[in-house]
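Enquirer: Quick one: this structure, given as structure tokens, is what I'll be asking you about.
The values are calculated or read from the model by the stated rules, or taken from the named source; none is laboratory data. What you see is a predicted model; the values in this text were computed from it and never measured. Glycine gets a Cβ as well: all are built from the backbone with ideal geometry, and neighbour counts include every protein chain shown.
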Ligand code: HDD
């Protein structure tokens with residue numbers, strides 16, 4: 001037993017094991033090159049760190065490069081130690097007064113282990129708690145040089161970035177695919193300081209003034225009494241607020257549209273929302289809005305898909321991002337600018353650029369590409385990077401300044417303030433993920449969790465004791481420029497400009513810009529969400545808002561709710577639809593798309609291998625689906641009929657007609673007693689997969705005996721369902737359909 005063993009025995013036993021085996025025979029041992037997943041029996045080096053840990057971890061807290069190995073603060077050496085580095089003999093038993101006795105207070109290892117564990121959690125973000133992140137590179141095109149002096153926008157300049165995507169309302173553990181706005185926050189580690197672009201996938205916001213932020217969030221979060229529902233806007237308090245506070249109606253219709261349920265973070269646009277002020281080398285200013293344009297286009301889930309995914313794979317978007325990056329299908333966006341003259345009234349084409357509930361249609365001010373973002377590295381440690389990353393709108397670089405947008409002004413306060421609680425003190429910019437890659441010399445001192453050992457005696461200016469250091473910079477040394485905007489003499493008041501009172505014209509613009517199928521989705525979303533409200537008065541009040549947007553939208557939702565449709569209380573705005581707002585009608589690259597291939601494990605089709613290879617070659621991901629795991633005809637099976645659901649695939653190839661397996665649930669027609677129709681010949685889980693894929697408007701192509709499956713599923717002859725003679729022909733047919741994302745004709749559209 002343990003107490004009887006002496007140190008010598010333990011060391012000798014371990015040494016004997018190591019000596020007996022040559023390194024190349026011991027998986028996981030130093031030199032073997034083979035990490036062991038079996039239970040290890042000998043001291044081993046930790047698994048090699050991922051290469052990305054070179055940055056920003058290889059910086060000192062003051063930003064200077066260091067030679068300290070990146071994982072030095074993580075794991076070193078083969079042996080378990082205390083936090084102070086003393087090697088430990090046993091971490092499985094507490095120190096007790098005899099085997100049956102109480103734990104001794106002197107057990108310093110027990111106390112350290114449990115105390116640290118007790119404090120492992122930090123408060124989740126008050127909003128955007130659920131998220132995932134990735135590292136990448138931004139490369140400037142140089143096209144913005146005329147409007148901004150920011151160095152990272154220069155032609156060919158590469159800058160490291162970290163991006164965190166998020167939902168807004170849910171807790172850290174909530175599902176990814178809920179209907180909500182998505183955060184799209186980017187940290188550019190530029191040579192001139194860190195620039196944070198903290199945006200969303202929706203270009204407008206619920207409120208015009210930051211002082212309303214607690215109101216909209218309290219309304220959207222779960223009800224305070226029961227703390228339900230989680231991560232949803234489909235409840236009374238949310239609709240109570242937005243129907244009373246009508247400036248929220250624009251953001252709300254975006255949430256009710258397909259934008260509220262993205263297919264992937266990779267297929268989302270991003271928006272800086274506010275108007276920023278840019279300054280060029282000559283000191284000239286322009287106003288601008290930031291846009292992220294995804295290379296893969298903007299695609300969304302279908303509402304039923306989103307709901308199923310929330311159950312079968314709550315980490316759907318997180319998994320998708322990691323899988324794509326680890327498969328080498330690096331997500332890409334172009335950063336674009338809409339640029340406006342910096343006029344005294346800060347408007348463009350009659351649109352108030354300081355009002356964050358308004359867009360400027362791209363048809364009026366085109367989005368001009370200024371650089372490219374590629375995400376190519378997943379975090380090594382979720383907590384250290386994704387959880388501890390702290391964004392702040394005040395992280396600005398020379399060439400980019402703020403405007404007086406009252407929402408932006410308030411955000412400049414909130415993002416620093418919130419970290420004081422979340423990251424427990426004022427030194428969070430020293431946490432590795434937050435460290436600037438520019439040298440830091442800030443005269444900020446002390447405080448909780450201070451990591452730096454500051455030298456010198458004079459952290460004040462002016463001083464002579466530290467030789468006058470640090471010195472103030474100027475234009476020649478790339479100092480940040482606060483644009484000396486003239487602030488007009490005005491009374492101190494709590495009021496908005498009159499232009500902020502238009503709450504409906506752009507909501508109508510959005511609605512009018514949608515295709516029939518997108519309108520149908522919006523109607524269903526409002527009907528679903530309001531149908532979840534209990535209070536009649538709230539539904540009626542929101543119907544009144546819809547009447548002021550569009551009578552068809554209002555009457556369709558009213559019908560669904562079983563309520564009368566009210567008339568508008570104000571004239572409907574004359575609007576020019578903006579095609580750029582619609583997701584339907586364009587063709588996009590199919591890179592990174594997931595293609596499910598259903599095979600019959602009993603009679604595998606010989607074309608499957610070739611089809612898989614061709615899918616890979618086209619930059620997509622094939623997943624073989626069969627009745628059981630393991631291998632079929634030498635091919636790995638990635639999904640079984642028990643684990644595959646339509647949500648995971650962008651399209652299906654059917655390469656065989658698998659008969660019902662013993663573990664399959666009874667087929668529907670078998671339950672009904674017929675049992676002899678074509679459906680009973682095919683495994684019912686395959687039929688469910690096809691039924692769902694069909695409902696979710698995905699392309700489905702078959703070849704060989706797979707044609708019989710389409711017949712059994714009753715989908716032959718419908719749009720986007722094709723049978724071909726060979727695997728090659730079936731894949732070619734599928735590739736014709738994929739760029740449109742979905743077979744849109746399958747959605748019935750009752751409105752135009
Ligand atoms: Fe905010 C987080 C985006 C308005 C206060 N916000 C946060 C995040 C994103 C946004 C993407 C997550 C950052 C991360 O991944 O760590 N927020 C927006 C956008 C807004 C907006 C696009 C409007 C245009 N936010 C807004 C207002 C306030 C805040 C008006 C307060 C007055 N937001 C916060 C916050 C958070 C935050 C409380 C929570 C965690 C954090 O900052 O770091 O400070």
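Enquirer: Out of the residues in segment 369-391 that are surrounded by fewer than 18 Cβ atoms within 10 Å (Cβ to Cβ) and in a loop (DSSP other than H, G, I, E, B), state the one that is farthest from the ligand (Cβ to nearest atom).
Expert: Per the criteria, the residue is 380.
Enquirer: Confirm whether residue 423 is over 19 Å from residue 195 (Cβ atoms), touching a residue at least 12 places away in the same chain (Cβ under 8 Å), within 22 Å of the chain's Cα centre (by Cα) and within 12 Å of the ligand (Cβ to nearest atom).
Expert: yes
Enquirer: If you take the residues in segment 204-221 that are more than 9 Å from the ligand (Cβ to nearest atom) and crowded, with 18+ Cβ neighbours inside 10 Å, which one is farthest from residue 255 (Cα to Cα)?
Expert: 208
Enquirer: Restricting the search to segment 97-144, which residues are surrounded by 15 or more Cβ atoms within 10 Å (Cβ to Cβ) and part of a loop (DSSP other than H, G, I, E, B)?
Expert: Matches in segment 97-144: 107, 124, 125, 127, 128, 129, 130, 141, 143, 144.
Enquirer: Would you confirm, using the coordinates I've provided, whether residue 557 is modelled with pLDDT of 95 or more, within 33 Å of the chain's Cα centre (by Cα) and within 30 Å of residue 264 (Cα to Cα)?
Expert: Yes.
Enquirer: What number of residues in segment 102-145 are within 16 Å of the ligand (Cβ to nearest atom) and touching a residue at least 12 places away in the same chain (Cβ under 8 Å)?
Expert: Selection size over segment 102-145: 15.
Enquirer: Show the residue pairs that are 6+ apart or on different chains and have beta-carbon atoms under 7 Å apart, the first residue being within segment 628-642 and surrounded by fewer than 16 Cβ atoms within 10 Å (Cβ to Cβ), the second being in a strand (DSSP E or B).
Expert: Hits for this filter: 628/640; 629/640; 636/624.
Enquirer: Do you know which of the residues in segment 340-363 that are touching a residue at least 60 places away in the same chain (Cβ under 8 Å), in a strand (DSSP E or B) and within 17 Å of residue 503 (Cα to Cα) is nearest to the ligand (Cβ to nearest atom)?
Expert: Here the answer is 352.
Enquirer: Tell me the residue from 456, 394, 447 that is assigned to a loop (DSSP other than H, G, I, E, B), surrounded by fewer than 20 Cβ atoms within 10 Å (Cβ to Cβ) and within 12 Å of the ligand (Cβ to nearest atom), please. So that I can check it myself, show each step before the final result.
Expert: On the way: 456 fails: within 12 Å of the ligand (Cβ to nearest atom); 447 fails: within 12 Å of the ligand (Cβ to nearest atom).
Criteria check complete, one pass: 394.
Enquirer: Give segment 715-737 a look and list any residue that's in a helix (DSSP H, G or I) and in contact (Cβ under 8 Å) with a residue 60 or more places away in the chain, or say none. Full working, then the answer.
Expert: Within segment 715-737, the first condition is being in a helix (DSSP H, G or I), and the residues that meet it are 727-737.
Residues satisfying the conditions are 727, 728, 730, 731, 734, 735, 737.
Enquirer: While we're on this one: For segment 243-294, which positions are assigned to a loop (DSSP other than H, G, I, E, B), over 15 Å from the mean Cα position of the chain (by Cα) and either within 30 Å of residue 646 (Cβ to Cβ) or within 16 Å of the ligand (Cβ to nearest atom) (or both)?
Expert: 245, 257, 272, 273, 274, 275
Enquirer: Within segment 562-579, which residues are out of contact with any helix residue (DSSP H, G or I) (no Cβ under 6 Å at 6 or more places or on another chain) and surrounded by 16 or more Cβ atoms within 10 Å (Cβ to Cβ)?
Expert: 578
Enquirer: A further question follows. Pick from 225, 176, 240: which is touching a helix residue (DSSP H, G or I) at 6+ places or on another chain (Cβ under 6 Å), on the phi < 0 side of the Ramachandran plot and part of a loop (DSSP other than H, G, I, E, B)?
Expert: 176
Enquirer: When you scan segment 146-183, how many residues do you find that are touching a strand residue (DSSP E or B) at 6+ places or on another chain (Cβ under 9 Å) and either without any contact (Cβ under 8 Å) to a residue 24 or more places away in the chain or more than 16 Å from the ligand (Cβ to nearest atom) (or both)?
Expert: Number satisfying all stated conditions: 17.
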